[in-house]
Amino acid sequence: FGLMAYDPGFMNTAACKSRITFIDGDKGILRYRGYPIEQLAEQSDFLEVAYLLYFGELPTRSQLDDFKRTVLSHTIIHEQTKKFIDGFRHDSHPMGAFLSTVAALSTFYREVKNIFDAQNRVIQFERMVAKMPTIAAFCHRHSIGMPFAYPDNDLSYAGNFLNMMFKGTETKFKPNPVLERAMDVLFILHADHEQNCSTTTMRGIGSSHCDPFTALAGAAAALYGPLHGGANEAVLKMLVEIGSKDRVPEFIRRVKAGEGQRLMGFGHRVYKNYDPRAKIIKKVAFEVFEVTGRNPLLDIALELERIALEDDYFVGRKLYPNVDFYSGLIYQAMGFPTEMFPVLFAIPRTPGWLSQWEEQILDPEQRIVRPRQVYLGYDEREYVPMAIRE
Ligand code: CMC
């Protein structure tokens, strides 16, 4: 192929230089702007992490207060946006409705096109971080035929989202501080993950200098795919299929023999050690189940993990639980339908996507994304008139 590198899936290509997120997959390390994910999950909150990702430093108390006040003042969405959401079929998938509505937002804010105006970029960042939970909850309520619940800006970011999702619905428990904190920690864990498929999409669309709302809709579309944002749903399906703890050994035998599916929620392209996010999520799961009652699928998951972590097949291939192994169990216990799982990923990934987008457009070394190909088609041939085609 001459001097060109053939690298499907860009497994071996660094397409950018970045100062945002660091991963060491062999050691199981994840850091945002240098801060370990464990410390952020323990001591920070999602809006502070969003600030950190975008501005590069932890805020002072007054910077954080101002940022939170501004974000919370942007949570409402234009009344016309509601009409837009109402236009979707009654049973539309909430992720399809969500990402289409995000794309439509660019038509409400014409100034989003001014991407080289720094002050304008900050406003769009605050706007988008603020509006994602509202759009998400509205799309969910549309899909279940419930009236929209408006944002209540006296609540926290996560509390407001839970309120808009579940207010007046039949969900058997009501949002409380433990669930609110759990939601916030899950948001922190999902806020960025360097050059994954959706972030690469965000940067790719951004490289044509498209506005950030439209680029973000494209990133969310990449997340819609089951290989990216759908693994936690696949974990739940797998656990339901296994059905009981005593059937776990037989399931593992089939996975190893290649007779059935893979062990979903295990393994990672980058982490060849325990995914640090999975450790934190496991702890959160137990806290959530104290409130919601134990998800009966948890015992199957624990048994799967116990057996796999002692089994040469998984140990030898460095397959450990990833972020998706326990997150679906938590979301289900909290009352989220499985169709909302990719949306629950897109809301907190928004500051990550926008930070990466900004880094991309301000990097003088970056060009419009335009990879080459290895052409395997026909050499030149003569057009064949229809009358003489076989
Ligand atoms: N169960 C059983 N075997 C597995 C699994 C698994 N989950 N994952 C990998 N393997 C085996 C695979 O069969 C191969 O074995 P062999 O060398 O004998 O052929 C070896 O491990 C290496 O697999 P690979 O497919 O080359 O690894 P990859 O880095 O390309 O794939 C993965 C990573 C995440 C796609 C894969 O581990 C997988 O399919 N896991 C299950 C799905 C899942 O949980 N996805 C969520 C990923 S985390 C999401 C995020 O961070 O955004």
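Quick notes on this structure:
- Residue match in region 201-209 (condition: in contact (Cβ under 8 Å) with a residue 40 or more places away in the chain and either within 10 Å of the ligand (Cβ to nearest atom) or more than 30 Å from Glu358 (Cα to Cα) (or both)): no
- Of all residues making up region 153-167, the number that are charged (D, E, K, R) and under 21 Å from Asp86 (Cα atoms): 1
- Of the residues making up region 263-297, those that are aromatic (Phe, Trp, Tyr) and either open to solvent by 60 Å² or more (accessible area, probe 1.4 Å) or modelled with pLDDT under 90 (or both) are Tyr274, Phe286.
- Residue count for region 146-175, restricted to those that are surrounded by 13 or more Cβ atoms within 10 Å (Cβ to Cβ) and in a loop (DSSP other than H, G, I, E, B): 14
- Test: residue in region 313-329 that is within 12 Å of the ligand (Cβ to nearest atom) and farther than 24 Å from Asp26 by Cα: yes
- Long-range neighbours under 6 Å by Cβ, at least six apart or interchain, first residue in a helix (DSSP H, G or I) within region 270-281, second of a type in the set (S, T, N, Q) and more than 9 Å from the ligand (Cβ to nearest atom): Ile281/Ser327
For every residue, the table says whether it meets (1) open to solvent by less than 20 Å² (accessible area, probe 1.4 Å); (2) in a loop (DSSP other than H, G, I, E, B); (3) hydroxyl-bearing (Ser, Thr, Tyr).
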site: Met4; (1), (2), (3): no, yes, no
site: Ala15; (1), (2), (3): no, yes, no
site: Asp26; (1), (2), (3): no, yes, no
site: Glu42; (1), (2), (3): no, no, no
site: Tyr54; (1), (2), (3): no, no, yes
site: Asp65; (1), (2), (3): no, no, no
site: Thr70; (1), (2), (3): no, no, yes
site: Thr81; (1), (2), (3): yes, no, yes
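- Arg349 free of Cβ contacts under 8 Å to residues at least 40 places away in the same chain and under 17 Å from Gln195 (Cα atoms): no
- Candidates are the residues of region 231-247 that are within 14 Å of the ligand (Cβ to nearest atom) and out of contact with any Phe, Trp or Tyr (no Cβ under 7 Å at 6 or more places or on another chain); the one that is most open to solvent (accessible area, probe 1.4 Å) is Lys237.
- The set of residues in region 114-140 being out of contact with any Ser or Thr (no Cβ under 7 Å at 6 or more places or on another chain) and either of a type in the set (Gly, Ala, Ser) or at positive phi (or both) consists of Ala118, Ala136, Ala137.
- In region 254-278, the residues that are more than 10 Å from the ligand (Cβ to nearest atom) and touching an Asp or Glu at 6+ places or on another chain (Cβ under 8 Å): Asn273, Pro276
The values are calculated or read from the model by the stated rules, or taken from the named source; none is laboratory data. Remember, predicted model here, so these are calculated numbers, not experimental data. Cβ sites come from the backbone with ideal geometry, for glycine too, and all protein chains shown count toward neighbours. Areas reflect the complete protein model, heavy atoms only, side chains present, ligands, DNA and RNA absent. Shrake-Rupley method; radii C 1.70, N 1.55, O 1.52, S 1.80 Å.
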